[in-house]
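One structure below.
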Amino acid sequence: MSENKTQPYCLMPWIHLHTGNNGIAKACCVANIHLGNINEQSLDEIWNGAPIQNLRAKFIKGEKDKRCATCYKLEAAGGKSIRQETFEKFPHIKVEPSVTPLPIYFDIRFSNVCNFRCRTCWHGASSKWFLDAKELGNNIGEKAIIQNIDDFDLFLEKSGKALLGAEEIYFAGGEPLATEEHYLLLQWLIDHKVTNVRLRYNTNFSMLKFRKYNVIKMWEAFPEVEILGSIDGVGALGEYIRKEMSWNKILENRKKIATLSHVQFKISPTVSVFNIRHLPKLYQECLELEMITPEDIYINILERPYHYNVKCLPESYKAIVQKEYQLFFDWLEKNQISEKVKNVFVECLDYMLSENINPKYWEKFKVETSFLDNLRKENIFNFIIFDK
């Protein structure tokens, strides 16, 4: 991408609608840029409102927005941001300042319904987290389930015209495969014979059936489905990080979709203090089990909360990770695995080594992990020894 005065800093304000907690529409899932509320406004009001128009005008001038700091910081540290990925995925989009067609890329979080309590998650994105969050004092309401879209039918009435022209719909969580509205939307698209849309999932991949719905059957109507399996570690470590996960169930579900040529499966670990050292093992194990082909890995480098950010790790542990990654890079080369894959891991390493953040976050990590271990009757030291 060429960043000059005629090139916007991000495509999102021209193509993307993200809806999250309580129906708040944002520029994307990482920048805290509020554009309106889908429960209270029409899509036209949000898409042509002052907040998004001001953001577009700023980007057209080649100006950065400080609220986009997550992408800028990730890029500066050697990572690939959502901003960059969006340009890669939609190379045909040409921004015209006077033209703002309807969004073609949707990220709809219907609710926080989820069946997992992942260590790096929170109540806002997981209903299952509610009781633990109450113990920690960071729940964001007095009910486990937070409904983001108040009225599904009204949402379709407001957004249906744009959805019928969508190029990609991204489902994340909560857990989309445990969310009824996800299935209702798929059925609505099927009923309207609008299935030439790319479906993309960030999912814990723990289920392929939900109530009366069989998602494999529904996927048959769509020519392109990409599954980003949120798997952070092999076996018991993965089950520790993503509480309620069953490694064997993941393997079983992977076999069920193995023959579906239109469904691509990738592992999509969230890179955190819990698993940065173990990512090579995860990759090698998934290759050996034929869960993935060599390039089927997509990473999410966690930035917040900072006490799970890999930058807060002790220097001694970072040195161990760096040494082991060099051995892993030798393995990649020996097995003739592409430079593209190596770059994924280099990105993680560069990000970890790019700076040391305030030591207070490492202390907070130890306190919170100990608290959750006691609450869940677990012990992180069964899996990871950070420092003597």
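The values are calculated or read from the model by the stated rules, or taken from the named source; none is laboratory data. The structure displayed is predicted, hence computed values, not measured ones. Cβ sites come from the backbone with ideal geometry, for glycine too, and all protein chains shown count toward neighbours. Heads up: the accessible areas ignore ligands, DNA and RNA and are worked out on the full protein's heavy atoms, side chains in. Shrake-Rupley method; radii C 1.70, N 1.55, O 1.52, S 1.80 Å.
Got a number for residues in the range 63-94 being assigned to a loop (DSSP other than H, G, I, E, B), of a type in the set (A, V, I, L, M) and open to solvent by less than 40 Å² (accessible area, probe 1.4 Å)? Steps first, please.
Here is the first cut: in the range 63-94, the ones assigned to a loop (DSSP other than H, G, I, E, B) are 63-65, 77-81, 90-94.
Filter once more, keeping what is of a type in the set (A, V, I, L, M): 77, 93.
Going one step further and asking which of them are open to solvent by less than 40 Å² (accessible area, probe 1.4 Å), we end up with 77.
Of the residues in the range 63-94, 1 are assigned to a loop (DSSP other than H, G, I, E, B), of a type in the set (A, V, I, L, M) and open to solvent by less than 40 Å² (accessible area, probe 1.4 Å).
Scanning for something open to solvent by 50 Å² or more (accessible area, probe 1.4 Å), at pLDDT below 90 and more than 18 Å from the chain's Cα centre (by Cα), does the range 41-57 turn up at least one residue?
Step one: of the range 41-57, the residues open to solvent by 50 Å² or more (accessible area, probe 1.4 Å) are 41, 44-45, 48, 50-51, 53-54.
Going one step further and asking which of them are at pLDDT below 90, we end up with none.
The answer is no; no qualifying residue exists.
Can you name every residue in the range 231-270 that is β-branched (Val, Ile, Thr), open to solvent by 60 Å² or more (accessible area, probe 1.4 Å) and not in a loop (DSSP other than H, G, I, E, B)? Give the derivation first.
So the first thing to find is which residues in the range 231-270 are β-branched (Val, Ile, Thr), and the list is 231, 234, 241, 250, 257, 259, 263, 267, 270.
When the remaining residues are screened for being open to solvent by 60 Å² or more (accessible area, probe 1.4 Å), the result is 259.
None; the set is empty.
Only helices (runs of 4 or more DSSP H) wholly contained in the range 120-230 count here; list those with 3 or more residues that are under 25 Å from TRP14 (Cα atoms) and open to solvent by less than 20 Å² (accessible area, probe 1.4 Å).
Values: elements: 130-136, 152-163, 180-191, 215-219.
Passing ranges, in order: 152-163, 180-191.
Run down ASN32, ASN37 and say which single residue is touching a strand residue (DSSP E or B) at 6+ places or on another chain (Cβ under 8 Å), exposed (fewer than 14 other Cβ atoms within 10 Å of the Cβ) and either modelled with pLDDT under 90 or among the polar types (S, T, N, Q) (or both).
Matching residue, one of ASN32, ASN37: ASN32.
Could you look through the range 292-319, keep only residues that are hydrophobic (A, V, I, L, M, F, W, C) and either closer than 17 Å to TRP362 by Cα or touching a residue at least 60 places away in the same chain (Cβ under 8 Å) (or both), and pick out the one that is most open to solvent (accessible area, probe 1.4 Å)? Explain how you work it out, then say what you get.
First, pick out the residues of the range 292-319 that are hydrophobic (A, V, I, L, M, F, W, C): 292, 297, 299, 301-302, 310, 312-313, 319.
Next, from what is left, pick out any that are either closer than 17 Å to TRP362 by Cα or touching a residue at least 60 places away in the same chain (Cβ under 8 Å) (or both): 301-302, 310, 312-313, 319.
Numbers: ILE301: 31, LEU302: 15, VAL310: 1, CYS312: 11, LEU313: 6, ALA319: 55 Å².
Here the answer is ALA319.
Yes/no matrix, rows are residues, columns are (1) in a helix (DSSP H, G or I); (2) among the hydrophobic types (A, V, I, L, M, F, W, C); (3) touching a Pro at 6+ places or on another chain (Cβ under 7 Å); (4) farther than 21 Å from HIS278 by Cα:
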residue: PHE329; (1), (2), (3), (4): yes, yes, no, no
residue: GLU333; (1), (2), (3), (4): yes, no, no, no
residue: ILE337; (1), (2), (3), (4): no, yes, yes, no
residue: LYS340; (1), (2), (3), (4): yes, no, no, no
residue: ASP350; (1), (2), (3), (4): yes, no, no, no
residue: ASN356; (1), (2), (3), (4): no, no, no, no
residue: LYS364; (1), (2), (3), (4): yes, no, no, yes
residue: SER370; (1), (2), (3), (4): yes, no, no, no
residue: GLU378; (1), (2), (3), (4): no, no, no, no
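Given the structure, is GLU333 acidic (Asp, Glu), open to solvent by 80 Å² or more (accessible area, probe 1.4 Å) and in contact (Cβ under 8 Å) with a residue 24 or more places away in the chain?
Numbers: acidic (Asp, Glu): yes; open to solvent by 80 Å² or more (accessible area, probe 1.4 Å): yes; in contact (Cβ under 8 Å) with a residue 24 or more places away in the chain: no.
When the stated conditions are applied, GLU333 does not pass them.
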